[in-house]
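This report concerns only the one structure given below.
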Amino acid sequence: MRSPGETVMLGEYTRYVHDHIRTRAYSRALAKAVAPGDRVLDLGSGFGLLSMLAARYGAAEVFAVEQLPFAPLAAALAADNGVAERIRIIHGNSACIDGLPPVDLIVTEIFGQLALEEFAVEYIADARARFLVRGGRIVPARLEIFFAPIESPHLAALIASHFGGNWADVEGFDLRRLRQLCFENLASPYAVMKLNGRARFLAPPKLGRDIDFYQDNSSAFEASCRFRVESGGRLDGFVGYFVAHLGRGVRLSTGPNDPETHWGQVIIPAAGNRRVRAGDRLTLECSFDLRKSWHFRYS
Ligand SMILES: C[S@@+](CC[C@H](N)C(=O)[O-])C[C@H]1O[C@@H](n2cnc3c(N)ncnc32)[C@H](O)[C@@H]1O
């Protein structure tokens, strides 16, 4: 068997194996969503973990579609776990796959750090239109992207280590213009940090984007999140995270105050140790475009 490691970096996949919060949430959701005899499409199946869960919960046939060359490994793992006869492994991008029979359920976990970067909305919309039976189910059904201003000593330390010191006098040279560019560079398209438990919301999070996977077709959006500071402090930046609603009350969050997953939080750092007081107004403009780019601006 040709090893997928020859062509693909497998290291990233160890993160999914160890992310029990994520996998248990999908397991709970699939236990409720899969009906005996269902046909299931696992969109972006990797080495087949969600496909095996769907088979465990009674799916008669699972189409495991993966664009990377994992088919031999996924087939071997399915055989090791006694579900090989119910999982059909298909190597290819879902948008290029034709000829699947109608499926009762689509399950997918192709979410980037702030959910949209792998074009989950577009791929799910394509699979929904071409393969899902009327009344079929999608896991997740919905996904929300939130933003909030934060105070975080952890983020402040990162900013200080990169941008502290005297840039106005580096051996007599004024490099402040360079500092500004480096700062913008850190924030563009965004920085990712694991803040879990190490950030305080200065204002309640605001919903930047609410995606309904049964309806939406495009990930592109623009939003303006307006915050009223509730509890004053130092504005170290803004945090972005998502909550996937996997169905029937099962929720998977990458929020800074929720149990840690393999995702980090997206950070928009703020310059200048700015103090904010209760009642102050802050605005974060955010957008995502189809070149896979996030843009943020705050005031
Ligand atoms: C985050 S991994 C998750 C893998 C697996 N579902 C799991 O839970 O362990 C996402 C996988 O989806 C694949 N992928 C993303 N978009 C795809 C598409 N449109 N068609 C096929 N594979 C896709 C990627 O190559 C990657 O292996």
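Each residue, Arg198 and Glu230, gets one label point 7 Å from its Cα in the Cβ direction; the gap between the two is 2.4 nm.
Mean sequence separation of contacting Cα pairs (under 8 Å, at least six apart), scaled by the length of region 4-109, corresponds to a relative contact order of 29 percent. With the simple model of a label 7 Å out from the Cα in the direction of the Cβ, Arg177 to Arg251 spans 4.9 nm. Note on Ala223 and Arg274: the model spin-label points, each 7 Å out from Cα along the C-beta direction, lie 2.0 nm apart.
The peptide list 51-63, 275-287, put in order of mean Cβ contacts within 10 Å with the highest first, becomes 51-63, 275-287. Close amide H pairs (under 5 Å, H built 1.01 Å from N) link Ile138 with Ile106, residues at least 5 positions away or on another chain. The alpha carbons of the chain give a radius of gyration and a Dmax of 21.7, 74 Å, in that order.
Would you calculate the volume per residue, in Å³, of the smallest convex hull containing every Cα atom of region 99-164?
117 Å³
Placing unit charges on each Cβ (+1 for Lys and Arg, -1 for Asp and Glu) gives the chain a dipole about its Cα centre, and among Leu178, Pro259, Ser219 the Cα reaching farthest toward its positive end belongs to Pro259. Take the Cα radius of gyration of region 143-298 and divide it by 2.2 N^0.38 Å, N being the number of residues; the result is 1.12. For region 143-298, a crude dipole built from +1 on the beta carbon of Lys and Arg and -1 on the beta carbon of Asp and Glu, taken about the Cα centre, is about 300 debye to the nearest 20.
For the peptides 198-207, 37-46, 221-230, the ranking by packing is 37-46, 198-207, 221-230, with the highest mean count of neighbouring Cβ atoms within 10 Å listed first. When DSSP beta bridges are limited to those with both residues in the chain, what percentage is antiparallel, rounded to the nearest 5? Here the antiparallel bridges make up roughly 70 percent for the chain. Only Lys, Arg, Asp and Glu carry charge here, each on its Cβ (+1 for the first two, -1 for the last two); on that basis the chain has a dipole of about 880 debye about its Cα centre.
Taking amide H positions as placed in the peptide plane 1.01 Å from N, state which residues far from Glu230 in sequence (5 or more) or on other chains have amide H under 5 Å from it. Close amide H contacts, sequence-distant or interchain: Ala203, Gly279.
Residues whose amide H falls under 5 Å from that of Leu132, counting only those 5 or more places apart or on a different chain, are Val103, with hydrogens built in the peptide plane. Considering only Cα atoms, the convex hull volume of region 4-109 works out to 93 Å³ per residue. For region 119-234, the ratio of Cα radius of gyration to the globular rule of thumb 2.2 N^0.38 Å stands at 1.54. Other residues lying with their Cβ under 11 Å from the Cβ of Gly237 contribute a combined charge of 0, Lys and Arg counting +1, Asp and Glu -1.
Quick note: the coordinates plus some simple rules give every number you see, no bench work behind them. Note that this is a predicted model, so its numbers are computed, not measured. A quick note on method: Cβ atoms are made from the backbone with ideal geometry, for glycine too, and the neighbour counts reach across all protein chains shown.
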